[in-house]
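Here's the structure we're looking at; comments come further down.
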Amino acid sequence: MKKDEVPQDSDNLHEGTFKQIMYAVDNSGNYVQVQSAGWEPENIALTQAWEEVNEKVAAAKVLVQSGEISPVAYYMEKNLMDLALLANYVGKFQWQVKRHMKPAVFKRLSDKMLQRYADAFKISKEDLLHIK
Amino acid sequence: MNNHQFHHTQTAHCESGVISNLLGHHGLKISEPMAFGIGAGIFFAHLPFVKVNGVPGTTYRIWPGAIFQRVCKRLGVRMETAKFSSPEKGMAALDHVVSSGTPVGLLSSVYYLPYFPPSYRFHFNAHNLVVYGKRDDQYLVSDPVMDTVTEIDPASLAQARFAKGFPAPKGKMYYPVHVPGKASFEKPIKEGIAQTCHYMLKIPFPMFGVKGIRFLANRVKNYPEKVGERKSALYLGNIIRMQEEIGTGGAGFRFVYAAFLQESAVLLNKPELSRLATELTQAGDLWRNFAFSAGRVCKSRSADNVSYKELSEMLIQCAAAEETFFKKLAKI
């Protein structure tokens, strides 16, 4: 890649503030560091990853509102976590966390357990019980 | 003893950048590509069974921490490293070292670093940064991938250092206790190159090195049939991100490594290394072409077999170029 080929495809994902270093060759063939504002394929891939996240969050929200899953499942998606990571944060086995995703089980969780979930998601217990 | 101001230099990759910045602070000047090369950082692996959010893992670099260990060992740098059982202990130890004026390297999770743009904050637990001071209860941070120094509040830093998941950073911190004033790079460069060639050419499993690229090429070809349109695009997107997203310097570290070879050519007085650097740049350009086409396929979301087959062929070209390159490099 030549110095003047370093892509500057900025988009809102970078929020205009963030420039990363790329290595490219100058006219005499020597490597130099050049700042890049972003590149189309990277932007596409990142946008796609976020679309996937947002779709999962939206789908989970609908299921919580229709009473099919508990807010634990919704906040897990919202925090980009998977079952293993969430179980690790709250100090439970994965099957236990899975159980807590059932609304009937979630309703009976102790205050202490709810607080642990709230801490893992960095939200208040109030927000955990009532998703926005 | 090292009370002079910490000098922040922006780099492409966090691990080799922190090494370069930390050792530079202690008087051992080493560029980012040089650290990356001596640490034998360039690699390739495709691990379909290691899934991150359901997407098979691909990497263009050696596993986190390896570059660090190798550079320290090869240059005779002694590092003090520590992990902690609780955030309280970890933060207290950090305060103690920082108050003596020693910059400290930390392992952290990108997800909890507020100074990154939100779109980059995924649960990636192997990010390196340097804390070089504390002022008004804010930590002064030199994050090598940022263009300037920044600050972070203690609560966020504690969360980032003690994030859970794989690998769990467990508050890992490190700082040099002995840095040789002058180090000859000649032997470390040769050892780094030899190790790299071994890793790229000789690992007897299909997922690693040049074989790994061909392995990925075969998988990509069958993505549409095997996992369907939607997942195919996600899988491709992940390959692009591993190759080009923050930290690789372009083309999945291929350009950084070429810069290392160029620098080594001068130090060792071996012009053939410089010619090989040009060859690797061309291989890197092939990777960039692949990413560009893969991006277009992702965007169109049309999982026709033809486009995936073409991408697969591009990967096979990358593999061929790298095989020729590393075989030549191994002979030097």
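The values are calculated or read from the model by the stated rules, or taken from the named source; none is laboratory data. The model shown is predicted, which means the values in this text are computed figures rather than measured ones. Backbone-built Cβ (ideal geometry, glycine too); neighbour counts: all protein chains shown.
Brief remarks on what is shown
- Number of the condition not met by A:GLU55 [criteria: (1) touching a Phe, Trp or Tyr at 6+ places or on another chain (Cβ under 9 Å); (2) part of a helix (DSSP H, G or I)]: (1)
- Number of the exception - B:ALA158 against (1) over 30 Å from B:GLN262 (Cβ atoms); (2) touching a residue at least 60 places away in the same chain (Cβ under 8 Å); (3) assigned by TED's automatic domain parsing to the domain that holds B:MET314; (4) not β-branched (Val, Ile, Thr): (3)
- Single residue of the stretch B:251-262 satisfying the filter (touching a residue at least 60 places away in the same chain (Cβ under 8 Å) and at positive phi) that is farthest from the other protein chains (Cβ to nearest Cβ): B:GLY252
- Close pairs from the stretch B:217-246: first away from chain A (no Cβ under 11 Å), partner among the β-branched types (Val, Ile, Thr), Cβ under 7 Å, at least 6 apart: B:ALA217/B:ILE316
- Where B:ILE332 falls short, out of the listed (1) in contact (Cβ under 8 Å) with a residue 60 or more places away in the chain; (2) in a helix (DSSP H, G or I): (2)
- When the criteria are applied in full, B:LYS211 fails the requirement of being under 24 Å from B:PHE122 (Cβ atoms), in the same structural domain as B:PHE326 (by TED's automatic domain parsing) and either among the charged types (D, E, K, R) or touching a Gly at 6+ places or on another chain (Cβ under 9 Å) (or both).
- Any hit, the stretch B:17-36, residues being closer than 30 Å to B:SER312 by Cα, within 14 Å of chain A (Cβ to nearest Cβ) and under 18 Å from the mean Cα position of the chain (by Cα): yes
- A:ASP26, sole failed condition from (1) surrounded by fewer than 21 Cβ atoms within 10 Å (Cβ to Cβ); (2) under 19 Å from the mean Cα position of the chain (by Cα); (3) not aromatic (Phe, Trp, Tyr); (4) not assigned by TED's automatic domain parsing to the domain that holds A:LEU109: (2)
- Candidate set from the stretch B:37-67 (those that are out of contact with any strand residue (DSSP E or B) (no Cβ under 8 Å at 6 or more places or on another chain) and within 14 Å of chain A (Cβ to nearest Cβ)); member that is farthest from B:GLY249 (Cα to Cα): B:GLY54
- Residues of the stretch B:86-137 that are more than 25 Å from A:THR47 (Cβ to Cβ) and aliphatic (A, V, I, L, M): B:MET91, B:ALA92, B:ALA93, B:LEU94, B:VAL97, B:VAL98, B:VAL104, B:LEU106, B:LEU107, B:LEU129, B:VAL130, B:VAL131.
- Yes/no for A:GLN48 being touching a Ser or Thr at 6+ places or on another chain (Cβ under 6 Å) and within 7 Å of chain B (Cβ to nearest Cβ): no
- Picking from residues in the stretch A:87-132 that are surrounded by 19 or more Cβ atoms within 10 Å (Cβ to Cβ) and of a type in the set (Ser, Thr, Tyr), the one that is nearest to A:ILE69 (Cα to Cα) is A:TYR117.
- Scanning the stretch B:158-199 for residues that are among the polar types (S, T, N, Q) and within 14 Å of chain A (Cβ to nearest Cβ) yields a single hit, B:GLN159.
- Extreme residue, surrounded by the fewest Cβ atoms within 10 Å (Cβ to Cβ), among residues of the stretch B:125-160 that are polar (S, T, N, Q) and within 17 Å of B:ILE19 (Cβ to Cβ): B:SER142
Conditions (1) outside any helix (DSSP H, G or I); (2) surrounded by fewer than 16 Cβ atoms within 10 Å (Cβ to Cβ); (3) more than 21 Å from the chain's Cα centre (by Cα); (4) of a type in the set (D, E, K, R), marked per residue:
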position	(1), (2), (3), (4)
B:PHE43	yes, no, no, no
B:ARG70	no, no, no, yes
B:GLY101	yes, yes, yes, no
B:HIS123	yes, no, no, no
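- Of the residues making up the stretch B:172-207, those that are of a type in the set (Gly, Ala, Ser) and either closer than 20 Å to B:GLU272 by Cα or surrounded by fewer than 16 Cβ atoms within 10 Å (Cβ to Cβ) (or both) are B:GLY181, B:SER184, B:GLY192, B:ALA194.
- Residues (more than 16 Å from A:PRO7 (Cβ to Cβ), within 10 Å of another protein chain (Cβ to nearest Cβ) and in contact (Cβ under 8 Å) with a residue 40 or more places away in the chain) located in the stretch B:263-302: B:GLU263, B:VAL297, B:CYS298, B:ARG301
- The listed residues are B:HIS7, B:HIS13, B:HIS25, and the only one of them that is farther than 21 Å from B:PRO188 by Cβ and either surrounded by fewer than 18 Cβ atoms within 10 Å (Cβ to Cβ) or not assigned by TED's automatic domain parsing to the domain that holds B:SER99 (or both) turns out to be B:HIS7.
- Residues satisfying the stated conditions in the stretch B:171-209, i.e. touching a strand residue (DSSP E or B) at 6+ places or on another chain (Cβ under 7 Å) and either assigned to a loop (DSSP other than H, G, I, E, B) or among the β-branched types (Val, Ile, Thr) (or both): B:LYS172, B:VAL177, B:THR196, B:MET207
- Answer from A:LEU80, A:LEU63 - the residue that is among the hydrophobic types (A, V, I, L, M, F, W, C), out of contact with any Lys or Arg (no Cβ under 7 Å at 6 or more places or on another chain) and facing another protein chain (nearest Cβ under 7 Å): A:LEU80
- Scanning the stretch B:104-127 for residues being in contact (Cβ under 8 Å) with a residue 40 or more places away in the chain, more than 8 Å from chain A (Cβ to nearest Cβ) and not hydrophobic (A, V, I, L, M, F, W, C) gives a total of 7.
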